[in-house]
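Notes for the one structure printed next.
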Amino acid sequence: MAIALVYVWFHIQATRINYQIAEEIQNKNKLGEENRRLKVEIATLTSPQRIETIARIKLKMCYPKRDQVVFLK
Amino acid sequence: MTKKSKKWLRFRVTSVLVLFLVLYIALLSRAFQLQIVSGKELKSLADKQHTKSLTLCPERGLIFDRNGEKLAMTVLADSVYIDPSMVKKRKEVSGKLSSTLCLEERDIRKKLLKPGNFRWIARQVSPLQAAQVRALDLDGVYTIQEPKRFYPHREMACHLLGFVGCDSAGLEGLELKYDSSLKYAPQKVVWGRDAKGNRIYLDERSTTLNDGRGHNLVLTVDSKIQYIVEMNLKGAVENTGAKGGNAIVMNPKTGEILAMTSFPRFNPNAYSQYPVASRRNRAITDCFDPGSVFKPFVAAAALEEGVVSESDVINCENGSYVVGDRVIHEAQMKHHEELFFPEILKYSSNIGTVKVAEMLGKEKFYKYITKFGFGSKTGVNLPGEIGGILRDPSKWRRVDFATMAFGQGISVTAIQLITAMSAIANKGVLMKPYIVKGLVNRQGEIIEQYEPEVVRRVISEDTAERITAILTDVVGGEGGTGERARIANVSVAGKTGTSQKFDFSLGRYSSKKVVASFVGFFPSEDPQVIVLVMLDEPKIKRWGGVAAAPVFKNISERIVSCYNRHLNLPDVVAERHAPELEIVQASMSEVIPRNEDIDESLIPDFRGMSVREVLKVSQDRGIDVRLVGSGWAVDQKLAPGISAETDQPCYVLFNEGF
């Protein structure tokens, strides 16, 4: 009788954990998608076209002339 | 008990027995039918009810540039579909969908009338549209997430990357060429479902179907250089009113393509909105008569064969030379009496080149230009390359041979031209151009790596150096045609070219339609970079030396500014990591004498200086400084007053709130 009870208990535990795993996998997928979305955002924001537009228009920057460039060792 | 009642009892027992037997047999046969006859079928039906499969988004491999910058990636986009059998109010559905998705109402209605239970309405719509469709909450209208290729840099390197269709299949460029390596089969996860519909993880039934590989592609392209090239070429095409143009930047020693672009460009995120013509990678699919840029190859062949030397004087016939039934003139109707052999290239004399080619002879001329790779594909790993047009020498008339010497009557692609010029820059060895550095898997391990490939030796090292010296004079010498390609402090070797285009409507070479080009490499003593610029039909500034050479100069100057001439191109194959900087702790240091400010051999006190001042002072004194932060200097690693002649770099910490 006791053995049967222990067996049932294990079974219930296993099912409970399986529910949790399913939930966590879903969570993982969601986070993976979020991560991917953020990576796309980074790539879009670091696009040289965008940076140059901001530098030129908003920050009024321009390219240095040859004599303004100093090379460090 | 009477005999009669006994009989009756036996009868009842027997009939009950028979009844049970019949029922038992019926039960057994039903069990047999359920378990054995249609068991498999029923099991699969039950599985369908108990389990639910979820398809994970198949992530196509990414495309990186050589520094780990992402050039192509995958995002999820919503697509809208309908189940016509579930749609009750057809008119309402078609009306609302057409206004939300900007589609023809008629088309939607047609789809609604068709039998079946699945029809696409719109694929890969914007997140806003998808949200609107969901908000409409119409019966039988659903949205589903599908992977969509996304190019964060929009038009940049569009012809190289190509694009991907709706069903994740590469259709152009590298996406097409490396489709089998990039694509990734959808991954399926099977869930169990309980009575309430909650999900249970079923380990043994989780299935993954991975026949695609989903590797990442690493290119030889440097996105910084690619950007520089595209912006400059765009400006030049607009300023000269040209129909289009190409530019390629290569490492002549290895054949790695650092940048390649064609105009007009397209946005691969919305490729269907652009005409097919603008999606063509003209640098490899279109050929043109090279014009004078071709002359160095003739000169190289002549030097290699020893038919001329630098001290030889060539009679340039004062600007008109009769070959067969034609008269050959100099460009811009110039007149040259006699020129030294190097001056033929410097002033780009047509007649001089024809004479050199005649001295060389048809067979040798043909041998060398094929050795330089003209007339055959370079084998660059991009789809759609053509081999140009080089006719068989037995079919050449005398005048054909003569015009071919100055690059008319032979058609080459931009990639052929730059590869051939690279052979001169690379001490006479022709390298195979390549654009893919390697394939890496998702864990960053290298799956395949492409190495520089030598094709053949075309000319000797000595000849290559002599031609390079002549080409350096074309740009650097007084009155050379390539003057406008000069860069301060860097010696450039190069050649301009202007060629007439063949007008198919007139059946002869057009005097108005030209191709202006420039190919050059630098620094000429140890070539690191070779650049080709070609403008198709410029309307203003129609000469290569005026239209294309300044573009070369702008591109090269920016490359030099970015890389300090020594293009120490990193061999990064994995994703980029942030550079590690040693942060110097800001602390108050003891009071020190200020004599180091006067004594040039000592480390000065940088504190309070701007970045610019620190750079200037350290350059004057030859100190190896490393800058951390921005603003004003607040601390330095090497104490002021110690000797500047040390191997250690001096870290200087800057702070904006000083």
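Spelling out what I want: for every residue of the range B:470-479, take phi, set θ = phi - 60°, compute 6.51 cos²θ - 1.76 cosθ + 1.60 (Karplus), and round to whole Hz; glycine and proline get x.
Coupling constants for the range B:470-479: 5, 5, 5, 6, 4, 8, x, x, 5, x Hz.
Do you know the relative contact order of the range B:389-532, to the nearest whole percent, from alpha carbon pairs under 8 angstrom that are 6+ apart?
17 percent
Taking only C-alpha pairs under 8 Å that are 6+ residues apart, what is the relative contact order of chain B in percent?
Across chain B, relative contact order equals 12 percent.
Do any GluC sites (Glu not before Pro) in the range B:459-568 lie in a loop, going by DSSP, with at most 12 other beta-carbon atoms within 10 Å of their beta carbon, and if so which?
Answer by residue number: B:GLU478, B:GLU525.
Which ³J(HN,Hα) values, rounded to whole Hz and listed in residue order, are derived for the range B:498-506 from phi using the Karplus coefficients 6.51, -1.76 and 1.60 in 6.51 cos²θ - 1.76 cosθ + 1.60 with θ = phi - 60°, glycine and proline given as x?
These are the phi-based 3J(HN,Hα) values: 9, 10, 7, 8, 6, 9, 5, 6, 8 Hz.
Projecting each Cα onto the charge dipole of the protein assembly as shown (Lys/Arg +1, Asp/Glu -1 at the beta carbon, about the Cα centre), which of B:PHE372, B:GLN449, A:TYR63 comes out farthest on the positive side?
Positive-most Cα among the choices belongs to B:GLN449.
Once R0 is set to 30 Å, what does the formula 1/(1 + (r/R0)^6) return for the Cβ-Cβ distance between B:CYS166 and B:GLU448, expressed as a FRET efficiency to the nearest 0.05?
0.60
Only Lys, Arg, Asp and Glu count, each charged at its Cβ (+1, +1, -1, -1), so figure out the dipole size of the protein assembly as shown about its Cα centre, rounded to 20 debye.
Magnitude of the dipole: close to 6000 debye.
At 7 Å along the Cα-to-beta-carbon direction for both A:VAL70 and B:ASN318, put a label point, then send me their distance in nm to one decimal.
For the pair A:VAL70/B:ASN318, the computed spacing is 5.9 nm.
Please give the calculated 222 nm ellipticity per residue for chain B, where each DSSP H segment of at least 4 residues contributes -39500 (n - 2.57) and the sum is spread over every residue; nearest 500 deg cm²/dmol?
Taking each H run of at least 4 residues, the total per residue is -9500 deg cm²/dmol.
Expressed as a whole percentage, what fraction of the accessible surface of chain B belongs to carbon and sulfur atoms when a 1.4 Å probe is rolled over the protein heavy atoms?
Summing carbon and sulfur atoms, their accessible area is 53 percent of the total for chain B.
Along the range B:437-446, what does the Karplus equation 6.51 cos²θ - 1.76 cosθ + 1.60 (θ = phi - 60°) give for ³J(HN,Hα), rounded to whole Hz, x for Gly and Pro?
Each residue of the range B:437-446 in turn: 7, x, 10, 10, 8, 5, 8, x, 7, 6 Hz.
If you put +1 on each Lys and Arg Cβ and -1 on each Asp and Glu Cβ, how big is the dipole of chain A around its Cα centre, in Debye rounded to 20?
Roughly 680 debye, rounded to the nearest 20.
Quick check: residue separation of B:SER99 and B:ASN489 times 0.36 nm, minus the Cα distance between them. What number comes out in nm?
In short, 134.2 nm is gained.
Where nothing but the Cβ of Lys and Arg (+1) and of Asp and Glu (-1) is charged, how large is the charge dipole of chain B around its Cα centre, in debye to the nearest 20?
Dipole magnitude for chain B comes out near 6340 debye.
Taking each residue of B:5-17 in turn, how many C-beta atoms of other protein chains fall within 10 Å of its C-beta, and what is the average?
Per-residue shielding by partner chains comes out at 0.
B:ASP78's amide H: which non-local residues (gap 5+, or another chain) put their own amide H closer than 5 Å, with H modeled 1.01 Å from N in plane and none for Pro or chain starts?
B:VAL125, B:GLU146
Using a 1.4 Å probe, what is the accessible area per residue for chain A, in Å²?
Value returned for chain A: 83 Å² of accessible area per residue.
For the range B:69-110 and the range B:254-275, what is the centre-to-centre distance using only Cα atoms, to the nearest Å?
Each part reduced to its Cα centre gives a spacing of 30 Å.
Starting from the amide H of B:ARG119, placed 1.01 Å from N in the peptide plane, find each other amide H under 5 Å away whose residue is 5 or more places distant or on another chain.
B:ILE82
Which pairs break 26 Å Cα to Cα here: B:LYS243/B:LYS553; A:LYS65/B:LYS224; B:LYS334/B:LYS495; B:LYS346/B:LYS395; A:LYS28/B:LYS183; A:LYS65/B:LYS437?
B:LYS346/B:LYS395; A:LYS65/B:LYS437
Pull out a ≥ b ≥ c, the square roots of the eigenvalues of the alpha-carbon gyration tensor of the range A:33-73, then state rounded if a/c is under 1.5, prolate if not and a/b is larger than b/c, and oblate in the remaining case.
Cα axes put the range A:33-73 in the oblate bin.
Please state the shape class of chain B: rounded when a/c is under 1.5, otherwise prolate if a/b exceeds b/c and oblate if not, all from the C-alpha gyration tensor.
It is prolate, given that a/c is not under 1.5 and a/b is the larger ratio.
Take the alpha carbon gyration tensor of the range B:1-103, find the square roots of its eigenvalues, order them as a ≥ b ≥ c, and report rounded if a/c is under 1.5; if not, report prolate when a/b exceeds b/c, else oblate.
Oblate, since a/c reaches 1.5 and b/c is not below a/b.
Please report the spacing between the Cα centers of the range B:515-541 and the range A:18-73 in Å, no decimals.
Using only Cα atoms, the two centres lie 33 Å from each other.
Rounded to the nearest 0.05, what FRET efficiency do B:GLU600 and B:ASP647 have when you use their Cβ-Cβ distance and R0 = 30 Å?
E between B:GLU600 and B:ASP647, to the nearest 0.05, is 0.95.
Compare the peptides B:36-42, B:81-87 by average per-residue count of other Cβ atoms within 10 angstrom and give them in order, highest first.
B:81-87, B:36-42
Out of residues 5 or more away from B:GLN636 or on other chains, whose amide H comes under 5 Å of its own, with H placed 1.01 Å from N in the peptide plane?
B:LEU653
The values are calculated or read from the model by the stated rules, or taken from the named source; none is laboratory data. Note that the coordinates shown come from a computational prediction; the quantities given were computed from them, not determined experimentally. Cβ atoms come from the backbone with ideal geometry, glycine included; neighbour counts cover every protein chain shown. Areas reflect the complete protein model, heavy atoms only, side chains present, ligands, DNA and RNA absent. Shrake-Rupley method; radii C 1.70, N 1.55, O 1.52, S 1.80 Å.
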